[in-house]
């Protein structure tokens, strides 16, 4: 069993699946010499004529450039520059219809030739002395990209690091009409072989296989002659079948190897270059002539002289057609590329680019329009014709359903878009178009997915950064705080020292005060005395209350002696309560009077006082009963402690009554007067002061609901309370009858003023209060008064 | 007695398997919800917040917790369809009134930019470059077209412009270019 290499050496050829045999129609052009195209008026040089990214512009509008001068620079590996095909001036850099099926505008450099065709300085490389890197750099700088159609940057393929078994030179040119490579091989076989030599130097393959279709006998003979000196160059005639020129198909034909799906030939140790590319490499390295022109087949029955022309890149298609005697017919189609894989040009101003190998201008009879698309009849002819062993009918199905998952399952991306399936389809379905659309959609989705991935990564990176910044800020703050704390111990010490000093001073003071302890002692004694007295009073009060409650129930059965004691106790209690009230809201002067007061009731008739108190209590209870249901329990559960409340109630009632009187009597008094009167009143009698205060509070409450019907209960109750309380109070304090006469107007003024102020305030805040709220408030205030 | 034995045997088995399951639940615990990951992968990652969540992942989590799948205008119908498939729910029409069919990117009219950096802070993917009181510009390739920078601009110098059709992105038109064949 011979090895693969032995088989290849022996000239064995294999076959690939499917394929079609369309009429070739190459004879119109292949036998004619290549014509030199005259300089066009303008050259449109797209910045990007290959697969990859456009180079960086290095010329400006108006600049004169020489032939072969680079117009863009290659700043990354996926870029090859474009060059000036002839000397001239850069007219503009603008958008122009691209040589692409989409015909979308692309940036182009518009060059106006000056006719001098003046070369820049040329520095051919000596390949024997040049390094691999120099040669590759020259290939890239000369702007060489795959000239078979794809336009892949050649320096990448030629600079491959992987070991290469076979270098395959693709000279098959299987598509109908096209004979550009054929013409090139006929014209310059030796240059092509020199180019192959350079590639061999770079890739160092075991063997070079040159595949040519059997229908190019002159080219085969020429190449065989040129290769006769090279031992491992094998020129192989492949049978005429479309698409044997496809990369994967030719590999299978020549080596029986299949490129796995989604992989490149380099992965199985094979590199394929187009014959035109080999020629361009030789020109670039040996003559320092960059890729500025190429042979283009201009053919079709609308042309008088179909032929191959050597056209400068950037020449508009119209110039080529005109040169070949183009006679346009109605609705003329002009196709760039072959009839199988080319595309119709929307505009004849489209320029020739590095990958353009054919301009086809057929008549309608020659290449009729597709008939109407019919439904797929599942005949399976497409599957038979498919050179990639795919199932075109299934792909069509899923393309129509837009099912990317299924499409990829059926290896849509292994489709080489050769058009064999559409060619054989009896329903005239443009299958390839469906696949192209589906591929574009899937690519778009993949692009979107990639972009989404990037966006996500960026978003997360941003969040991480923000979080980090936050942490840093926090750490910095903590550091600062720590630094502050470190600095603080000194301060603390200072503070402690200061405190110590202050304490020492206080201690000194205390020591000084100790010397005056005699006085203090007396004071303490007096206080203690007072407390004792209070305790006694409390006891008496308790007894009196008990007695009073008995007296209330059975007033007739009380004895004189007990009454006396009780009366005294009650008087004392009243006095104390008054004193406390006065205490609450008056100055030290009041204290003196309060201290003196306990004696005054005692000096007065105890019985009268007792009677007054009893009366007051009774009235207060009445008032409490009528006043509100809430006040009732406190009045009924008249425990000893609630004498004070009662008194307070009396005072409140009195106050309310007085307030009423004063409001009606003296409305128009000045504000300054009340203040003075207030002070006087306070000095005169704590009781009055207390009353005034109580009056003010009561007034405030009243005024809170001055016009509301619910408030009526209160004044009514107050009225009753007042009439009795006044009577009861009159005998209680001997001073009051005299002073009351003098002070009444003043007090009234004070009360009025206070009441007005309070009323205004209260009105503002409590206009919406409900009856219940009023009642509870009233109770609250009464309670507060008792305290 | 036999009844007791049976109960005992079953009970023992139940205990053993319960313990086994309990252990497995702890030992082989899935750290994060894989459903959220899957949903997040479907979402377009524009981080635009039009769904009402601060980014795509929070929305993915919300969907996993039962939120509606039709709140993503940048994803459009395609995303809703995928989500419906993944979650096995009914595909609903897009919530928002207008569907964002055209891909757009932000563009800063640089003459009008005052360099306030507000758009930079708003951009969820750091696609705006610039400095304080310096002109800002959008990195169009990184822009997700989320619109979030438009609102904060005090001088309204940010436009959302449709992404220009390029040769790479071009989708073949079925009607315009029929395959040409030779007889």
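Below are the figures for this structure:
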{"item": "Whole-angstrom gap from the range B:95-168 to the range B:1-42, using each part's C-alpha centre", "result": "52 Å"}
{"item": "Helix B:2-27 axis, angle to chain B major axis (alpha carbon atoms, nearest 10°)", "result": "30 degrees"}
{"item": "For the range A:153-199 and the range A:53-125, distance of Cα centres in Å", "result": "25 Å"}
{"item": "Ascending count of other beta-carbon atoms within 10 Å, so fewest first, for A:166, A:398", "result": "A:398, A:166"}
{"item": "14 Å tail of the calculated P(r), the range B:104-165, as % of Cα pairs", "result": "46 percent"}
{"item": "Overall dimensions of chain B as given by Cα atoms, namely Rg and Dmax in Å", "result": "26.3, 95"}
{"item": "For A:343, A:326, A:5, B:28, order by how many other beta-carbon atoms lie within 10 Å, fewest first", "result": "B:28, A:5, A:343, A:326"}
{"item": "The range A:33-132, relative contact order [Cα under 8 Å, separation at least 6], %", "result": "29 percent"}
{"item": "Computed P(r) (all Cα pairs; the range A:393-533; 10 Å bins; percent)", "result": "9, 15, 10, 8, 8, 8, 7, 6, 6, 6, 7, 6, 3, 0"}
{"item": "Per-residue mean of C-beta atoms belonging to partner chains within 10 Å, peptide A:458-465", "result": "5"}
{"item": "Contact order normalised by residue count of chain B, Cα under 8 Å, 6+ apart, percent", "result": "16 percent"}
{"item": "Inter-site label distance for residue A:77 and residue A:477 at 7 Å from Cα along Cβ, in nm", "result": "4.9 nm"}
{"item": "The range B:34-87 - percent relative contact order, Cα under 8 Å, separation 6 or more", "result": "36 percent"}
{"item": "Mean Cβ count within 10 Å, highest first, over the residues of peptides B:11-19, A:368-376, A:212-220", "result": "A:212-220, A:368-376, B:11-19"}
{"item": "Ordering of A:13-26, A:56-69 by burial proxy (mean other Cβ atoms within 10 Å per residue, highest first)", "result": "A:13-26, A:56-69"}
{"item": "Inter-chain Cβ neighbour average for residues A:111-121, partner chain, 10 Å", "result": "0"}
{"item": "Cα centroid separation, the range A:248-279 to the range A:380-424 (Å)", "result": "22 Å"}
{"item": "Residues B:137, B:79 arranged by fewest to most Cβ contacts within 10 Å", "result": "B:137, B:79"}
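Each value in this text was obtained by applying a stated rule to the coordinates, not by laboratory testing. If you're wondering where the values come from, they're calculated on a predicted model, not measured in any experiment. Glycine gets a Cβ as well: all are built from the backbone with ideal geometry, and neighbour counts include every protein chain shown.
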